[in-house]
Every structure is written in C-alpha cells, then in structure tokens.
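Since the structure comes first, as structure tokens, the remarks are kept for the end.
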Amino acid sequence: MAAHLTCGRVNLNILREAARKELREFLDKCAGSKAIVWDEYLTGPFGLIAQYSLLKEHEVEKMFTLKGGRLPAADVKNIIFFVRPRLELMDIIAENVISEDKMRSPRDFHILFVPRHSLLCEQRLKEQGVLGSFINIDQYILDLIPYDGDLLSMESESAFRECYLENDQTSLYHTAKGLMTLQALYGTIPQIFGKGECARHVANMMLRMKREFAGSQTQILPVFDTLLLLDRNVDLLTPLATQLTYEGLIDEIYGITNGYVKLPPEKFAQKKQGEGGKDLPTEPKKLQLNSAEELYAEIRDKNFNAVGAALSKKAKIISAAFEERHNAKTVGEIKQFVSQLPHMQAARSSLANHTSIAELIKDITTSEAFFDNLTVEQEFMTGVDTDKVNTYIEDCISQKDPLIKILRLVCMQSVCNNGLKQKVLDHYKREILQTYGYEHILTLSNLEKTGLLKPQTSTRNSFPTIRKTLKLWMEDANEQNPNDISNVYSGYAPLSVRLTQLLARPGWRSIEEVLKMLPGPHFEERQQLPAGLHKKRQQGENRTTLVFFLGGVTYAEIAALRFLSQMEDGGTEYIIATTKLINGTSWIRSLMDRLETLPF
C-alpha cells in the first residue's frame with residue numbers, strides 16, 4: 001500500500017508504521033464496537049496513515065463527520081471524537097454528547113486530540129457540563145505525515161499566519177516535537193543550519209528537548225547528515241509566482257489536497273461508439289497523485305512545456321508493447337505477454353488520465369490571460385518598472401478579476417521592489433477597497449504585518465543585489481533538458497532552493513553579505529552523536545539533507561530540490577519537510593479576513 005514511501009533514499013514508511021501502531025493502541029483501549037466522529041479537516045491527513053480497513057480490524061463500525069445537533073444512529077458501545085484542539089469544536093462535541101445523554105443511550109465517549117492535548121479545550125467541555133462524560137481524553141501526536149518517498153508535511157493550515165501575524169509559536173513547538181520523533185526513528189542529525197527567526201526558535205527548542213532527554217538517546221546510526229531549517233519569510237517571492245511544473249500547475253489550477261486532485265469530469269468520460277456525448281458524469285474525477293504511479297513520477301517535476309513530448313514518447317512505448325502480442329508465437333511467449341498485461345493496461349490508463357489533465361492545463365496556459373499575467377510576473381522578477389503603478393494590475397482591478405490574483409501581483413511587486421513607494425501603495429489600496437469592498441481592509445493590514453505588502457522604508461532596493469548574487473534569474477532557461485533549478489519557473493530560480501544549493505556547495509560563507517540582507521539570523525549548530533555512531537561515508541556516497549520549510553512550501557520548490565538530488569555531481573540528496581504544502585492562492589487565502597458589516 002505504501003511502497004512509494006520505501007523507494008527513496010530514506011524509508012519514510014518507518015514513520016508511517018510508527019503512527020499506525022500508536023493509532024491501533026489507542027483504538028484497542030476502547031474495548032468493544034466503535035464509531036469515529038471526525039473533525040473533517042483530519043480525514044485527509046489520516047487517510048495517508050491508515051485506510052478504513054485498518055480501522056475496521058479494530059472494531060470501527062461507523063464513521064461520521066462532526067456537526068452540531070444529534071449524532072446519527074449507530075449501534076455501538078464507544079463514540080470516539082477525533083478532533084483538533086479548537087474551542088469551537090468543543091461546543092459542537094458538547095451538543096452531540098448532551099443530545100445523546102437525553103436519549104439515555106448507554107455509550108462510552110472518548111476524545112482523541114490531534115496533534116496535542118489542550119487544557120483550554122478541557123475547560124470548555126467542563127463549562128458545557130460534559131467533561132465527566134468522557135472515559136478517555138488522549139492525544140495522538142501526528143506531526144509529520146509522509147506524503148511521498150521524499151516528502152513530509154504537518155498539514156498545519158495556519159502555521160504561517162500564526163507565526164508571522166498572530167505571534168503564536170505553537171506550530172513551531174509541534175515542528176520541534178516532530179523533528180525529535182524523526183530523530184528517535186532515524187538517528188540524531190549531526191548538523192543543523194538555519195535561516196530566519198522561526199528557524200532559530202525551532203533549533204533552540206530541539207536542543208533544549210535533547211538536553212531534557214539526554215539519558216534516553218536511541219542508538220541508531222544517523223540517516224540524515226544535515227538539517228536545514230528555512231523560514232518562509234526569508235523567501236516571500238517564490239510562492240507568489242505561478243508554478244510552471246506539471247504538478248505545480250495542477251495545484252495552481254485545481255488544488256491538490258492530501259495527495260488527491262478533483263478534476264472536471266467531462267474530459268474523463270468513456271464515450272462509447274454511437275452514443276455521442278449523452279449522460280456525461282457530473283461528479284468530479286478524483287485522482288491520487290504520488291510517485292507510486294510510474295508515469296506521474298516521471299513527468300510531475302518537468303516544466304509544463306516539456307510534458308507533451310514526454311507523454312507522446314510514452315504513448316509510442318506503450319503502443320509498441322501492445323503490438324508485441326502479434327510476435328508472440330510460442331506458448332511461453334504468449335504466457336509472458338499475458339503476465340505483463342495488467343501492468344501495461346495500468347500504464348495505458350495512467351497515460352489516458354495524464355493526457356486529459358495536460359489538455360485541461362494547456363487550455364489555460366495557452367490563453368491570453370495566462371500569458372499576460374506571466375509576463376507581468378517575469379517583469380517584476382527581472383526588475384522592470386517595479387517602482388510605479390502597473391497598468392496591467394489597474395486593468396485587472398477595473399475588470400474585477402479575482403481579488404487573490406490582484407493581491408498576488410501587488411505583493412509580488414512589493415517584494416521585488418523591497419516595498420512600494422507610499423503613493424503607489426496608497427493608490428493600490430484605494431483601488432482595491434473601492435472595487436472589492438471596504439471589508440478587505442483587514443486583509444490588506446494582514447499582508448502589511450507579514451511583510452508581503454509594505455511601504456518602502458529605505459531608498460535603496462536590495463532585491464537586485466540579491467537577484468544578481470544568487471543568480472535568481474537565468475535567461476534562456478532550458479525547459480526540455482534543464483541544467484538549472486530555474487526551469488521550474490521558466491527563468492526564475494527559487495531563492496529558498498538556491499540558498500539550499502549554495503549551502504551544500506560551496507557553503508554559506510561565500511554569500512555572507514546577501515544572507516544579512518535577508519530577514520532573520522543565520523546559524524549553525526552541531527549535535528553530539530553517541531560514541532560509535534559516526535557515519536563512515538563510502539567513496540562517492542551522497543550526503544542526505546532534510547530541508548524543513550517553516551510556513552509552507554510549493555510543489556515547484558519541491559521539483560527544484562528533486563532536480564538537485566538527481567544531479568550527477570550534486571553530492572547531496574534532499575528530503576523535504578514542511579508545515580504545509582501551499583500555492584500562492586492558498587497562502588494568500590490563509591491571510592485573508594473580512595470585516596463583518598455591523599447591522600445598524
């Protein structure tokens with residue numbers, strides 16, 4: 001089931017198995033038949049850890065979504081609430097429990113808080129008069145969830161907002177705890193590098209936790225050589241740009257949630273001859289996307305302009321494989337062909353799906369609107385007219401294009417210009433509020449507080465220096481046969497990934513001046529390894545680095561890191577971890593607030 005987690009440099013299935021074991025142990029605590037009431041947000045992440053079959057083995061008979069009022073009827077002994085520690089969810093649980101008590105049904109209630117127990121939530125249940133109804137109140141520490149053979153995410157949807165807007169460092173504590181769990185399973189990470197305030201906090205918490213558990217270190221040979229902690233606000237530009245890899249564009253246009261994407265069904269309808277287009281399906285087509293699918297693993301990180309040729313090549317290979325049946329003469333040959341048939345049919349089905357997805361994306365990427373938007377993004381990245389009001393943005397506002405599109409562009413201009421002149425900023429704000437409504441004044445304020453949209457404080461714009469020194473813009477990026485990470489944005493090399501690349505070779509000392517221009521401190525820590533656990537590296541053996549993005553990472557950045565891992569002379573393989581998988585739209589949305597209009 002989780003074969004794709006075991007095929008990378010690090011076997012991430014060990015982490016998944018540890019999480020499954022803990023879940024089984026909790027379920028076995030509640031003896032008898034069970035119904036699980038899910039906080040809806042948790043169903044996706046849990047689906048990556050345990051399928052329904054595992055729950056069924058432990059007497060889970062029914063599953064419901066948490067909502068107000070009475071619980072649906074279920075003839076079970078135990079009701080278990082799987083919830084995040086949120087006060088508003090406690091009110092719904094109290095409502096459920098009170099309505100069950102009125103029915104006088106003899107039920108045992110349990111709560112499992114994910115990822116941490118909360119005294120505030122317990123207090124709320126006490127105030128509602130239902131705390132005594134619970135037999136077990138426990139926590140299930142689900143910090144890092146394996147998404148793929150080289151990818152872990154905490155799926156903490158508001159981590160960036162909490163850290164940079166609300167000054168709430170809970171998610172950083174969870175990150176540190178998650179990294180301690182990782183070290184318990186994969187050995188102590190000898191070197192820690194970091195850039196940014198949040199990175200510093202996480203490293204400090206990890207080192208403190210290590211001191212507290214000094215006696216109980218696991219005697220495991222380290223799997224990771226280095227941990228790099230990167231704050232999202234060190235590189236605010238990358239998530240704002242439109243991703244141009246195949247996987248990045250799927251996420252930009254349709255949104256990938258917990259490894260699944262929902263697509264318009266028309267393209268996937270199986271038309272039978274003579275039926276025309278009748279009875280097209282209305283339900284979205286739901287597809288799982290990970291490296292378990294051979295073709296997807298091959299094309300996901302390519303620039304979209306190189307995907308067509310890759311699909312065409314694959315189609316010829318599959319077609320030739322099916323033609324082989326005409327050459328099968330002997331019984332042995334026929335038998336061999338038949339044994340390969342399931343794999344070939346799966347490959348053909350996969351090709352059909354990805355050809356349909358590529359057609360859907362191509363309809364958008366070849367449109368004038370997409371091209372115009374991309375042109376303006378690339379002008380900002382290369383420093384063209386970033387200090388004056390942009391006519392394209394003005395036109396988009398006057399046509400009332402989606403607000404998030406406008407905000408992404410305005411924030412991008414601000415980041416590339418190290419802030420906007422006050423009169424330019426005021427002009428944009430006025431236009432946005434007059435067109436989209438004054439309730440968005442809070443959103444604009446949030447963007448300012450996080451540094452995405454800000455007035456220029458100094459006359460000197462440091463971004464051109466950063467761009468030049470780190471080679472963030474590469475003219476004539478080779479999209480078909482890439483030789484640099486800039487192919488993931490057709491010219492722009494993600495700043496976060498360039499920092500990672502330079503850390504491996506030649507080291508950050510070579511870019512000391514640029515690092516000072518970027519927000520937050522940069523640092524290096526070393527963790528003592530128990531005697532006898534120092535890794536002896538074989539000749540030509542690559543180093544393994546865990547890159548942890550605090551505040552979110554995009555699929556294009558992941559593609560760029562995979563490119564670095566695959567470079568023949570790279571010398572380093574990367575495993576990626578993050579608080580959340582994001583794109584520009586979901587990221588800006590997490591910072592949006594609406595002023596509620598008061599009834600007068």
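Filter the stretch 372-381 down to residues that are more than 15 Å from I406 (Cα to Cα) and under 26 Å from the mean Cα position of the chain (by Cα) and give me whichever is surrounded by the most Cβ atoms within 10 Å (Cβ to Cβ). Talk me through it step by step, then tell me what you get.
Kept after step one, since they are more than 15 Å from I406 (Cα to Cα), are these residues of the stretch 372-381: 378-379, 381.
Those left that are additionally under 26 Å from the mean Cα position of the chain (by Cα): 378, 381.
Working: Q378: 17, M381: 22.
Among those that are more than 15 Å from I406 (Cα to Cα) and under 26 Å from the mean Cα position of the chain (by Cα), it is M381.
If you go through the stretch 56-75 one residue at a time, do you hit one that is under 21 Å from L144 (Cβ atoms) and either in a helix (DSSP H, G or I) or touching a strand residue (DSSP E or B) at 6+ places or on another chain (Cβ under 7 Å) (or both)? Explain how you work it out, then say what you get.
If we filter the stretch 56-75 for residues that are under 21 Å from L144 (Cβ atoms), which is where we start, we get none.
No, the stretch 56-75 has no match at all.
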(request) Take the residues in the stretch 382-416 that are buried (at least 21 other Cβ atoms within 10 Å of the Cβ) and within 17 Å of R460 (Cα to Cα), then tell me which one is farthest from the chain's Cα centre (by Cα). (result) T386
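Anything in the stretch 156-180 that is among the polar types (S, T, N, Q) and surrounded by fewer than 19 Cβ atoms within 10 Å (Cβ to Cβ)? List them, or say none. Explain how you work it out, then say what you get.
Here is the first cut: in the stretch 156-180, the residues among the polar types (S, T, N, Q) are 156, 158, 167, 169-171, 175.
Passing the criteria: S158, N167, Q169, T170.
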(message) Give all pairs with beta carbons closer than 7 Å in which a residue from the stretch 511-536 that is touching a residue at least 12 places away in the same chain (Cβ under 8 Å) meets a residue that is exposed (fewer than 15 other Cβ atoms within 10 Å of the Cβ) and part of a loop (DSSP other than H, G, I, E, B); count only pairs at least 6 apart in sequence or on separate chains.
(response) M517/S462; P530/Q219; L533/Q219; L533/L221; K535/L221
(request) Pick out the one residue from N327, N305, N353 that is in contact with a Leu (Cβ under 9 Å, 6 or more places away or on another chain), open to solvent by 50 Å² or more (accessible area, probe 1.4 Å) and either of a type in the set (G, A, S) or over 30 Å from K429 (Cβ atoms) (or both). (result) N305
(message) Suppose the filter is modelled with pLDDT of 95 or more, more than 18 Å from Q243 (Cβ to Cβ) and crowded, with 24+ Cβ neighbours inside 10 Å; does A577 pass it?
(response) yes
(message) Given the options L5, L48, L89, name the one that is open to solvent by less than 10 Å² (accessible area, probe 1.4 Å) and among the aliphatic types (A, V, I, L, M).
(response) L5
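Would you be able to say whether some residue in the stretch 181-204 is open to solvent by 20 Å² or more (accessible area, probe 1.4 Å), of a type in the set (S, T, N, Q) and without any contact (Cβ under 8 Å) to a residue 40 or more places away in the chain?
Of the residues in the stretch 181-204, the ones open to solvent by 20 Å² or more (accessible area, probe 1.4 Å) are 181, 184-185, 190-191, 193, 197, 200-201, 204.
Applying the additional criterion that residues be of a type in the set (S, T, N, Q) yields 181, 191, 204.
If we keep only those that are without any contact (Cβ under 8 Å) to a residue 40 or more places away in the chain as well, we get 204.
For the stretch 181-204, residues open to solvent by 20 Å² or more (accessible area, probe 1.4 Å), of a type in the set (S, T, N, Q) and without any contact (Cβ under 8 Å) to a residue 40 or more places away in the chain: present.
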(request) Answer yes or no: is there a residue in the stretch 249-267 that is at pLDDT below 90 and in a loop (DSSP other than H, G, I, E, B). (result) no
(message) Any residue at all in the stretch 520-527 that's out of contact with any Leu (no Cβ under 9 Å at 6 or more places or on another chain), farther than 24 Å from G308 by Cβ, assigned to a loop (DSSP other than H, G, I, E, B) and modelled with pLDDT under 95?
(response) no
(request) Would you check if L442 is among the aliphatic types (A, V, I, L, M) and in contact with a Cys (Cβ under 6 Å, 6 or more places away or on another chain)? (result) no
(message) Looking only at the stretch 1-46, how many residues end up being more than 20 Å from I576 (Cα to Cα) and not hydrophobic (A, V, I, L, M, F, W, C)?
(response) 14
(request) Specify which of the listed residues (A352, A347, A358) is aliphatic (A, V, I, L, M) and without any contact (Cβ under 8 Å) to a residue 24 or more places away in the chain. (result) A352
(message) Any residue that is under 21 Å from N136 (Cα atoms), of a type in the set (D, E, K, R), open to solvent by 30 Å² or more (accessible area, probe 1.4 Å) and free of Cβ contacts under 8 Å to residues at least 12 places away in the same chain - is there at least one of those in the stretch 17-40?
(response) yes
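The values are calculated or read from the model by the stated rules, or taken from the named source; none is laboratory data. Given the structure is predicted, the values throughout are model-derived calculations rather than measurements. Methodologically, a virtual Cβ is constructed for each residue, glycine included, from the backbone with ideal geometry; neighbour enumeration extends over all protein chains shown. Areas reflect the complete protein model, heavy atoms only, side chains present, ligands, DNA and RNA absent. Shrake-Rupley method; radii C 1.70, N 1.55, O 1.52, S 1.80 Å.
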